[in-house]
Every structure is written in structure tokens, then in C-alpha cells.
Protein chains: 2
Amino acid sequence: MSGAFDGFDLKILRVLQENAALTNQEIGEKIGLSASQLSRRRQKLEQDGVIRRYRASLDPDALGLGVTAYVGVTLGAHSRENARRFREMVTTMPEVQEAHTLTGDVDYMLKVVVKDLKALGRIINDELLPHDAVQNVRSSIAMETLKDDNLLPL
Amino acid sequence: MSGAFDGFDLKILRVLQENAALTNQEIGEKIGLSASQLSRRRQKLEQDGVIRRYRASLDPDALGLGVTAYVGVTLGAHSRENARRFREMVTTMPEVQEAHTLTGDVDYMLKVVVKDLKALGRIINDELLPHDAVQNVRSSIAMETLKDDNLLPL
DNA sequence: AGTGAAAAACAATGGCG
DNA sequence: CGCCATTGTTTTTCACT
């Protein structure tokens, strides 16, 4: 485990999570480091797993994905097998962007992105509710998204 | 302005949102297109805003960010000015990864990532609750994250 | 719209302060 | 550990089908 990042590493990470299209040269100019050093430090951060991957962030609206919803799911029978199968299902559903187990009265919280409300209904009624383990589903639709950058606070 | 994507564009987007580190050559081999075409189509997708940006996805745990929470916020006085100032605040808070207005009994839902529970408490008690517009705050902590890829279903 | 090859830009590596 | 110079890749552009 590579414990400590120094200030440079942190700056590199800050820049890269906001804009991974910048060249090592450009990042180096921003933070006062040479391009070759950027290259080396980047490789290390990638190998250490601090940088997990690079991805293109797409515009949902441009792709006809107009509805974001948070779906709270309560399981009925809390058997280990039921829970396992539920988790298996949600992790493989492409419309589910995030899935967490939460403290409080709801067992799972899903973030779901779909084309329209009809598609949301289909997910809830045809996929979630029929599942043996699921007792209750409650969805809230995002009317407006103020922020959705998923940038970690560094 | 961005009319229709053909099958190639869709394939490019699918690959790029999963792994933007692949070269045009590699993507081209996957989907049956030359590197030069990849370059041209990518530039168009970027200009059209379908690809919003490229980012590095970082490991929260490796950066000491152990706590993800969903914070539901209910506003008290629903004046236009109050709402505006609240939105201004949450959009500029680095710990807030996502912020949406929701249907249902909660006005805003925030996804918050912080170092520990103490930091979460500080956000809630020192930033959110003291705000004039805020009437009530209710947070749920993510005990386990099953999925967090934020990949759009294409 | 598509390809392939040349030119330009970039990342990665080895040597040196 | 840091920077500079060289080498190998990758992207981009151009000529052409």
C-alpha cells in the first residue's frame, strides 16, 4: 500500500478527475512540473489503483435519457439468499447507475436513468417488484439536476 | 443540432464511457472502423456535446473518503430567493457530488462524499442546517456500495 | 462515408544534475 | 527527486476510392 501522496499527486488527481483530456504537458504547466514527471506519477497512481480508469462523460439528454430517478427498495424476507439474488439483479441492470445499502428505513437506494417515465415504470413493475425478495419500492423522480459531476472532494 | 447517431457512434460511445484510455486504433478494431474515422467521429461527438468531457475515475477509499451519504433536504420558506441561495450553496460545495430536486416529500436530494462521519456531521450542522432556507435535513449513510459506475444505459 | 499513409502531437524512457 | 533529450505511439490531416 502506497501510503502518502504529496501535494503534486493531489494536484494531478484534482486536475485529472476534472479533465482527463489534458496532456501531461498542460497539466505540468498548471501545477509546475515537467511532462515526464507527470507521466511517471500518473503511471504510479494508475498502478496503485488511485486512478481506477478513464471514462467519457456523456450527456444523458443528448442520448434521449430524460429521466433520472432514485428508487428506494425495501426487502421482505431478509434471507441471505434473497439478498444475494437481489444484489445480483441490480448490479447487472444497465439502467441502475448506483446501488447502495443505506442506514434508515430503506434497505437499498438505486439511482436509475431511463428514457422516459414509461421505461421507469417498466423497471419498477416488471423487474423490481416481481422479485421475490422485494417487499416495497418507492421512487422519486429528479425534476431538475443542479449538479451531477461526481467529483471527489480533494 | 446533433441529429442521429448511427450504430457506429453508439458503439463508440459505449466503449468510451467504459474505457476512455483505449486508443482510436483499439476501438476501431473492436467495432470495425479505421483509426482515422474514429478520430473524426469522436471530434464530432465532442463538438456536439454528446461527449461532455473525459475524466479520471478515482478510488474514494484510497483517498481517505470513506463515507458516502444521501442527504434529503426540505426547505422551509419556498421563496424564490431562498431557493436560489440554497442552490448556489450546494452547487459550490465540493463534498456534494450530486444534487437534484425530487418529486415527493423531500425537496432536494444530495449525494455527499466525505472522509468520515464527523465530516458529514460538520456539513449537516455547520453548512446545511444553518442556512435560512433549510427547514429539515435527513441523512442516510451508504453502508455498502454495490454499484457506482454511473454508466448510461446505451 | 469509408481507407491508408504522411505529418504533427504526445507519452514514455534513459541519462544526467 | 527533479528536468532535459530521445524514442516509440497515437492522433490528426490529406489524398483518394
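Remarks
- Residue within segment A:19-27 that is open to solvent by 30 Å² or more (accessible area, probe 1.4 Å) and in the same structural domain as A:Pro130 (by TED's automatic domain parsing) present: no
Every residue, every condition in (1) open to solvent by less than 80 Å² (accessible area, probe 1.4 Å); (2) more than 13 Å from chain B (Cβ to nearest Cβ); (3) over 15 Å from the mean Cα position of the chain (by Cα), yes or no:
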residue	(1), (2), (3)
A:Pro94	yes, no, no
A:Thr101	yes, no, no
A:Met109	yes, no, no
A:Val113	yes, no, no
A:Leu120	yes, no, yes
A:Val134	yes, yes, yes
A:Arg138	no, no, yes
A:Ala142	yes, no, yes
A:Thr145	yes, no, yes
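- Pairs with Cβ under 6 Å, 6+ apart, first in segment B:29-48 and farther than 14 Å from A:Ser57 by Cα, second of a type in the set (Ser, Thr, Tyr) and within 8 Å of DNA strand D (Cβ to nearest atom): none
- Residues (surrounded by fewer than 17 Cβ atoms within 10 Å (Cβ to Cβ) and within 9 Å of chain B (Cβ to nearest Cβ)) located in segment A:64-91: A:Thr91
- Taking segment A:44-63 as the range and being more than 10 Å from every other protein chain (Cβ to nearest Cβ) and either more than 13 Å from DNA strand D (Cβ to nearest atom) or assigned to a loop (DSSP other than H, G, I, E, B) (or both) as the test, only A:Gln47 passes.
- For first residues located in segment B:1-27 and at the interface with chain A (Cβ under 10 Å from one of its Cβ atoms) and modelled with pLDDT of 95 or more, partners that are exposed (fewer than 15 other Cβ atoms within 10 Å of the Cβ) and assigned to a helix (DSSP H, G or I) and lie 6+ apart or on another chain with Cβ distances below 7 Å form the pairs B:Val15/B:Lys30.
- If you go through segment B:1-47 and keep only what is of a type in the set (Ser, Thr, Tyr) and more than 12 Å from DNA strand C (Cβ to nearest atom), you end up with just B:Ser2.
- Sub-7 Å Cβ pairs linking a first residue in segment B:92-104 that is closer than 11 Å to A:Glu144 by Cβ to a second residue that is part of a strand (DSSP E or B) and charged (D, E, K, R), at least 6 apart or interchain, are B:Ala99/A:Lys147; B:His100/A:Glu144; B:Thr101/A:Glu144, ordered by first then second residue.
- Taking the criterion of being acidic (Asp, Glu) and in a helix (DSSP H, G or I), the residues of segment A:1-43 that qualify are A:Asp9, A:Glu18, A:Glu26, A:Glu29.
The values are calculated or read from the model by the stated rules, or taken from the named source; none is laboratory data. Predicted model only: the values in this text are computed from it and were never measured. So basically every Cβ, Gly included, is an ideal-geometry build from the backbone, and we count neighbours across all protein chains shown. Areas reflect the complete protein model, heavy atoms only, side chains present, ligands, DNA and RNA absent. Shrake-Rupley method; radii C 1.70, N 1.55, O 1.52, S 1.80 Å.
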